[in-house]
Amino acid sequence: MDDFFKDENIVVFQKWLYFQLKNDTRIFLEKYAENTFQIQYKNKKGRIVIWPMGIIEETIESEGKILFYLHFQLRGFGFAKDMYKRMIDKLVEDIEVEERDILLCCTGGMTTSFFAEKMNKYCHLNQLPYHIFATAVYNLDDVYKNYDLILLAPQLRYKIIELSPKYKPTILQSIEPVTFATYDCQSLLEQIENFYKEKFND
(Lines give C-alpha, C1' and ligand atoms only; values in the text may rest on other atoms or scores of the structure.)
Protein backbone atom coordinates (compact mmCIF):
# COMPACT_ATOMS: atom_id res chain seq x y z
CA MET A 1 0.00 0.00 0.00
CA ASP A 2 1.43 3.39 -1.01
CA ASP A 3 2.50 5.39 2.06
CA PHE A 4 1.60 8.59 0.18
CA PHE A 5 -2.08 7.61 0.38
CA LYS A 6 -1.90 5.99 3.82
CA ASP A 7 -4.36 8.36 5.50
CA GLU A 8 -6.85 8.02 2.66
CA ASN A 9 -6.56 4.23 2.70
CA ILE A 10 -7.20 4.14 6.44
CA VAL A 11 -10.36 6.20 5.96
CA VAL A 12 -11.57 3.94 3.13
CA PHE A 13 -10.94 0.79 5.19
CA GLN A 14 -12.68 2.32 8.18
CA LYS A 15 -15.80 3.06 6.12
CA TRP A 16 -15.73 -0.42 4.59
CA LEU A 17 -15.46 -1.91 8.07
CA TYR A 18 -18.40 0.13 9.32
CA PHE A 19 -20.73 -1.16 6.60
CA GLN A 20 -19.53 -4.74 7.06
CA LEU A 21 -20.32 -4.65 10.76
CA LYS A 22 -23.59 -2.76 10.39
CA ASN A 23 -24.92 -5.13 7.72
CA ASP A 24 -23.87 -8.39 9.40
CA THR A 25 -27.12 -9.63 10.96
CA ARG A 26 -25.29 -12.10 13.20
CA ILE A 27 -23.62 -9.42 15.30
CA PHE A 28 -24.58 -6.19 17.04
CA LEU A 29 -22.55 -3.03 16.53
CA GLU A 30 -22.64 -1.60 20.05
CA LYS A 31 -20.55 1.47 19.52
CA TYR A 32 -18.69 3.28 16.81
CA ALA A 33 -16.59 6.24 17.85
CA GLU A 34 -13.75 7.72 15.86
CA ASN A 35 -11.35 4.81 15.28
CA THR A 36 -12.98 2.18 17.52
CA PHE A 37 -15.68 -0.39 16.76
CA GLN A 38 -17.28 -2.36 19.61
CA ILE A 39 -19.37 -5.37 18.62
CA GLN A 40 -21.20 -8.17 20.39
CA TYR A 41 -22.21 -11.74 19.64
CA LYS A 42 -24.05 -13.55 22.45
CA ASN A 43 -21.70 -13.43 25.46
CA LYS A 44 -18.66 -12.38 23.41
CA LYS A 45 -17.49 -8.83 22.90
CA GLY A 46 -15.26 -7.77 20.05
CA ARG A 47 -13.27 -4.62 19.50
CA ILE A 48 -11.50 -3.32 16.42
CA VAL A 49 -9.26 -0.27 16.75
CA ILE A 50 -7.67 1.50 13.79
CA TRP A 51 -4.67 3.43 15.04
CA PRO A 52 -3.41 6.54 13.20
CA MET A 53 -0.30 4.86 11.76
CA GLY A 54 -2.42 2.18 10.09
CA ILE A 55 -2.10 -0.45 12.83
CA ILE A 56 -5.27 -2.56 13.17
CA GLU A 57 -5.95 -4.16 16.54
CA GLU A 58 -8.61 -6.88 16.89
CA THR A 59 -9.72 -8.38 20.21
CA ILE A 60 -12.44 -10.80 21.34
CA GLU A 61 -13.26 -11.26 25.03
CA SER A 62 -15.74 -13.41 26.94
CA GLU A 63 -16.26 -13.38 30.70
CA GLY A 64 -13.05 -11.47 31.24
CA LYS A 65 -10.93 -13.84 29.13
CA ILE A 66 -9.23 -12.87 25.89
CA LEU A 67 -10.23 -15.40 23.22
CA PHE A 68 -8.59 -13.71 20.26
CA TYR A 69 -6.01 -10.97 19.83
CA LEU A 70 -4.35 -9.79 16.65
CA HIS A 71 -2.65 -6.64 15.47
CA PHE A 72 -1.23 -5.91 12.05
CA GLN A 73 -0.15 -3.12 9.73
CA LEU A 74 -2.68 -2.04 7.10
CA ARG A 75 -0.63 -2.69 3.97
CA GLY A 76 -3.28 -4.01 1.63
CA PHE A 77 -7.06 -4.42 1.60
CA GLY A 78 -6.92 -8.10 0.70
CA PHE A 79 -4.87 -8.98 3.77
CA ALA A 80 -6.92 -6.68 6.04
CA LYS A 81 -10.19 -8.22 4.84
CA ASP A 82 -8.81 -11.71 5.48
CA MET A 83 -7.81 -10.74 9.04
CA TYR A 84 -11.26 -9.24 9.60
CA LYS A 85 -12.92 -12.47 8.39
CA ARG A 86 -10.78 -14.56 10.75
CA MET A 87 -11.86 -12.41 13.67
CA ILE A 88 -15.57 -12.58 12.79
CA ASP A 89 -15.38 -16.36 12.26
CA LYS A 90 -13.92 -16.68 15.76
CA LEU A 91 -16.50 -14.30 17.22
CA VAL A 92 -19.51 -16.24 15.91
CA GLU A 93 -18.02 -19.65 16.64
CA ASP A 94 -20.44 -21.64 18.81
CA ILE A 95 -18.43 -24.80 19.37
CA GLU A 96 -18.67 -25.95 22.97
CA VAL A 97 -15.44 -27.73 23.86
CA GLU A 98 -15.67 -30.18 26.72
CA GLU A 99 -12.85 -29.80 29.19
CA ARG A 100 -10.73 -32.91 29.86
CA ASP A 101 -8.73 -34.03 32.87
CA ILE A 102 -5.58 -36.06 32.13
CA LEU A 103 -3.33 -37.71 34.70
CA LEU A 104 0.44 -38.08 34.44
CA CYS A 105 2.03 -40.74 36.61
CA CYS A 106 5.61 -41.58 37.56
CA THR A 107 7.19 -43.51 40.41
CA GLY A 108 7.15 -40.78 43.03
CA GLY A 109 5.10 -38.07 41.33
CA MET A 110 7.77 -35.36 41.35
CA THR A 111 8.84 -35.48 37.71
CA THR A 112 5.29 -35.65 36.42
CA SER A 113 4.27 -32.80 38.73
CA PHE A 114 6.82 -30.57 37.01
CA PHE A 115 5.67 -31.78 33.57
CA ALA A 116 2.00 -31.22 34.52
CA GLU A 117 2.78 -27.66 35.60
CA LYS A 118 4.46 -26.94 32.26
CA MET A 119 1.58 -28.55 30.35
CA ASN A 120 -1.05 -26.53 32.19
CA LYS A 121 0.76 -23.28 31.35
CA TYR A 122 1.04 -24.41 27.73
CA CYS A 123 -2.66 -25.34 27.55
CA HIS A 124 -3.69 -22.06 29.19
CA LEU A 125 -1.63 -19.94 26.79
CA ASN A 126 -3.06 -21.81 23.81
CA GLN A 127 -6.64 -21.90 25.18
CA LEU A 128 -6.77 -25.70 25.12
CA PRO A 129 -9.48 -27.59 27.04
CA TYR A 130 -7.09 -29.83 29.01
CA HIS A 131 -6.26 -29.91 32.71
CA ILE A 132 -3.20 -31.95 33.56
CA PHE A 133 -2.67 -33.58 36.95
CA ALA A 134 0.14 -35.70 38.37
CA THR A 135 0.45 -38.48 40.90
CA ALA A 136 2.73 -41.25 42.13
CA VAL A 137 2.07 -44.80 40.99
CA TYR A 138 1.07 -45.93 44.49
CA ASN A 139 -1.90 -43.48 44.40
CA LEU A 140 -3.40 -44.75 41.14
CA ASP A 141 -5.92 -47.08 42.79
CA ASP A 142 -7.49 -44.11 44.58
CA VAL A 143 -7.71 -41.67 41.67
CA TYR A 144 -7.88 -43.51 38.34
CA LYS A 145 -11.70 -43.27 38.08
CA ASN A 146 -11.46 -39.48 37.67
CA TYR A 147 -9.68 -39.70 34.30
CA ASP A 148 -10.29 -40.91 30.75
CA LEU A 149 -6.55 -41.09 30.13
CA ILE A 150 -3.54 -41.82 32.34
CA LEU A 151 -0.10 -41.26 30.85
CA LEU A 152 2.67 -43.24 32.50
CA ALA A 153 6.32 -42.24 32.64
CA PRO A 154 8.51 -44.42 30.38
CA GLN A 155 9.95 -46.35 33.34
CA LEU A 156 6.42 -47.51 34.21
CA ARG A 157 5.55 -48.77 30.73
CA TYR A 158 5.61 -52.36 32.01
CA LYS A 159 2.66 -51.51 34.31
CA ILE A 160 0.25 -51.02 31.40
CA ILE A 161 -0.40 -54.75 30.90
CA GLU A 162 -0.98 -55.24 34.62
CA LEU A 163 -3.19 -52.20 35.26
CA SER A 164 -5.22 -51.77 32.05
CA PRO A 165 -7.78 -54.52 32.80
CA LYS A 166 -8.08 -53.32 36.39
CA TYR A 167 -8.70 -49.66 35.49
CA LYS A 168 -11.16 -50.05 32.59
CA PRO A 169 -12.64 -47.96 31.01
CA THR A 170 -9.77 -45.58 31.82
CA ILE A 171 -7.02 -45.92 29.21
CA LEU A 172 -3.36 -46.16 30.13
CA GLN A 173 -0.63 -45.12 27.72
CA SER A 174 3.09 -44.60 28.04
CA ILE A 175 4.81 -41.28 27.36
CA GLU A 176 7.59 -41.51 24.80
CA PRO A 177 11.03 -41.37 26.50
CA VAL A 178 12.26 -38.33 24.53
CA THR A 179 9.01 -36.45 25.18
CA PHE A 180 9.27 -37.19 28.89
CA ALA A 181 13.00 -36.44 29.18
CA THR A 182 12.70 -33.07 27.44
CA TYR A 183 9.28 -32.04 28.83
CA ASP A 184 8.09 -31.62 25.25
CA CYS A 185 4.63 -30.09 25.68
CA GLN A 186 3.76 -30.11 21.98
CA SER A 187 4.54 -33.82 21.60
CA LEU A 188 2.54 -34.72 24.69
CA LEU A 189 -0.34 -32.59 23.44
CA GLU A 190 -0.30 -34.50 20.13
CA GLN A 191 -0.52 -37.78 22.05
CA ILE A 192 -3.47 -36.48 24.07
CA GLU A 193 -5.30 -35.14 21.02
CA ASN A 194 -4.72 -38.35 19.08
CA PHE A 195 -6.23 -40.30 21.97
CA TYR A 196 -9.44 -38.20 21.94
CA LYS A 197 -9.70 -38.31 18.13
CA GLU A 198 -9.57 -42.10 18.21
CA LYS A 199 -11.92 -42.30 21.19
CA PHE A 200 -14.66 -40.29 19.50
CA ASN A 201 -14.16 -41.76 16.02
CA ASP A 202 -14.73 -45.33 17.22
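Would you pick out the residues in segment 118-140 that are without any contact (Cβ under 8 Å) to a residue 12 or more places away in the chain and either surrounded by 16 or more Cβ atoms within 10 Å (Cβ to Cβ) or part of a helix (DSSP H, G or I) (or both)?
Here is the first cut: in segment 118-140, the residues without any contact (Cβ under 8 Å) to a residue 12 or more places away in the chain are 121, 124-126, 138.
Once the filter is applied, which keeps residues that are without any contact (Cβ under 8 Å) to a residue 12 or more places away in the chain and either surrounded by 16 or more Cβ atoms within 10 Å (Cβ to Cβ) or part of a helix (DSSP H, G or I) (or both), segment 118-140 yields LYS121, HIS124, LEU125, TYR138.
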Among the residues of segment 168-202, which ones are surrounded by fewer than 17 Cβ atoms within 10 Å (Cβ to Cβ), closer than 11 Å to LEU149 by Cβ, of a type outside the set (A, V, I, L, M) and touching a Lys or Arg at 6+ places or on another chain (Cβ under 9 Å)?
-> TYR196
All but one of (1) over 21 Å from GLU176 (Cβ atoms); (2) in contact with a strand residue (DSSP E or B) (Cβ under 7 Å, 6 or more places away or on another chain); (3) charged (D, E, K, R) hold for ASP141; which doesn't?
-> (2)
Look at segment 141-155 and say how many of its residues are crowded, with 20+ Cβ neighbours inside 10 Å and touching a Ser or Thr at 6+ places or on another chain (Cβ under 7 Å).
-> 4
Does segment 14-25 contain at least one residue that is in contact (Cβ under 8 Å) with a residue 12 or more places away in the chain, in a strand (DSSP E or B), open to solvent by 50 Å² or more (accessible area, probe 1.4 Å) and not acidic (Asp, Glu)?
-> no
Might you check whether a residue that is surrounded by 12 or more Cβ atoms within 10 Å (Cβ to Cβ) and among the hydrophobic types (A, V, I, L, M, F, W, C) occurs anywhere in segment 93-100?
-> no
Just a yes or no: is a residue in segment 168-179 among the β-branched types (Val, Ile, Thr), in contact (Cβ under 8 Å) with a residue 24 or more places away in the chain and in a loop (DSSP other than H, G, I, E, B)?
-> yes
If we keep just the residues of segment 101-117 that are out of contact with any strand residue (DSSP E or B) (no Cβ under 7 Å at 6 or more places or on another chain) and open to solvent by 70 Å² or more (accessible area, probe 1.4 Å), which is nearest to LEU67 (Cα to Cα)?
-> GLU117
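The values are calculated or read from the model by the stated rules, or taken from the named source; none is laboratory data. Values in this document were obtained by computation on a predicted structure and should not be read as measured data. Note: ideal-geometry Cβ built from the backbone for every residue, glycine included; neighbour counts use all protein chains shown. Note: accessible area is taken over every heavy atom of the protein model, side chains too, but ligands, DNA and RNA are not part of it. Shrake-Rupley method; radii C 1.70, N 1.55, O 1.52, S 1.80 Å.
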